Amino acid sequence: MPEPSYVQRVAARRGALPLSPVLDFVDYILAVCGIDRATLLELSKQDLFLACIARYIWAPTAPLGYAARYFVQHRTEPLPALADNEAVDCIRIAFYCQCLPATDPRHVSDDKRPDQRAALYPDLFPNVTRESLAAYRERVSRKTNDFAVDHPLREASFTVRSADEDDYLDYWMERSEEQIAEYLADDRFCAGLDAWGKGMLSFHGMLQKVYGRDYYDRVLAPRQYVLFRGLDSFLSSMVAKKLADDVAGGRRTVSRHLREKYPEIYVVYQPEHDGARDSYVDDR
């Protein structure tokens, strides 16, 4: 029987995750990739590993697989042992861990700037001119041709985070309908989602219109505009956007009389887009 592919192994791990507790973003990606925290902690102590993360982040001309391959080929520490696919995932997840607060025990710290990394590893950070860019990309592609061949992200840039976040939010929403239902039970909140889905409000416009400027400034701003428990501010706003899109697409049903009930919400207001935040009038 053939060995399961990378994608099949990830799908199996995802399907085996319990309904609770709900993992946060980093622990979710660790779980579906089959990487443990101890492995990542040990790797983050290795200077070459940190350099390869920096290469992945700061050089979109070099894909994830190239940074992982460089680490595997040039590392001098034999432990922790890594398969090619695991190296790809460790570079990718370590970048997410660098974005965590410094107080988080999973935080990966790097005390060197990209230019300092380039000075230490000039072959990892070559000076590529516009004229030589095509040739460089071809050379990188050749070098990664036989590395982690069944990993779907090996040729991706660090923008793969958006795909990981979408996958995580599907996981989170599947397990958080009770929390979501608390918001959807509020017709005023649903009106904000409806107006947002119609393109009338932005995220901050929706928050201000629904909750009022005082609550927005006094409560929502200090907690970084987080609505949903267990999420950071960006992921929380993405859940709200998904809900607004679901309402607009008819995948979630709201009252048909919201516009008549809350006409003040159905007014174009996008403060972070047009700089009009200070002209907000609390119509509640």
Practice problem: Would you kindly give the portion of the calculated P(r) for the range 6-165 that falls above 19 Å, as a percent of all Cα pairs? | Solution: 55
Quiz item: Please state the Cα pair-distance histogram of the range 1-86 with 10 angstrom bins from zero: what percent is in each bin?
Solution: 14, 40, 34, 11, 0
Quiz item: What would the Debye formula give as log10 I(q)/I(0) at q = 0.09, 0.10, 0.12, 0.22 Å⁻¹ for the alpha-carbon point model of the range 94-198, no solvent?
Solution: -0.49, -0.59, -0.76, -1.34
Quiz item: Under the Kirkwood approximation applied to all pairs of distinct alpha-carbon atoms, what is the hydrodynamic radius of the range 179-258 in Å?
Solution: 12.6
Practice problem: Which order do the peptides 41-54, 237-250 take when ranked by the mean count of other beta-carbon atoms within 10 Å per residue, highest first? | Solution: 41-54, 237-250
Quiz item: Which net charge results when you count Lys and Arg as +1 and Asp and Glu as -1 among the other residues whose beta-carbon is under 10 Å from that of GLN46?
Solution: -1
Quiz item: Assuming R0 = 45 Å, what is the FRET efficiency of ARG139 and ASP167, from their Cβ-Cβ distance, to the nearest 0.05?
Solution: 0.90
Quiz item: What ranking do ASP164, ASP115 get, fewest neighbouring Cβ atoms within 10 angstrom at the top?
Solution: ASP115, ASP164
Practice problem: May I have the count of lysine pairs in the chain with C-alpha atoms under 29 Å apart, counting pairs 8 or more residues apart or located on different chains? | Solution: 12
Exercise. Work from the charge dipole of the range 177-279 (Cβ charges, +1 for Lys and Arg, -1 for Asp and Glu, about the Cα centre) and give the residue of HIS257, SER237, MET206 farthest towards its positive end.
Key: HIS257
Quiz item: Over the Cα atoms of the chain, Rg to Rh with Kirkwood Rh, two decimal places?
Solution: 1.05
Practice problem: Select from the chain the helices, each a whole stretch of DSSP H, whose alpha-carbon atoms run 18 Å or more along the helix axis and whose Kyte-Doolittle mean is at least -0.5; answer none if there are none. | Solution: 84-98, 233-248
Quiz item: For ALA12 and ASN127, what is the calculated FRET efficiency with R₀ set at 45 Å and r taken between the beta-carbons, to the nearest 0.05?
Solution: 0.55
Quiz prompt | Cα centroid separation - the range 99-125 against the range 216-238, whole Å | solution = 28
Quiz item: Can you give the calculated 222 nm mean residue ellipticity of the chain, where each DSSP H run of n ≥ 4 adds -39,500 (n - 2.57) and the sum is split over every residue, rounded to the nearest 500 deg cm²/dmol?
Solution: -15500 deg cm²/dmol
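No lab work stands behind these numbers, since they all come straight from the coordinates. Worth saying up front: this structure is predicted, and the values here are computed from it rather than measured. A quick note on method: Cβ atoms are made from the backbone with ideal geometry, for glycine too, and the neighbour counts reach across all protein chains shown.
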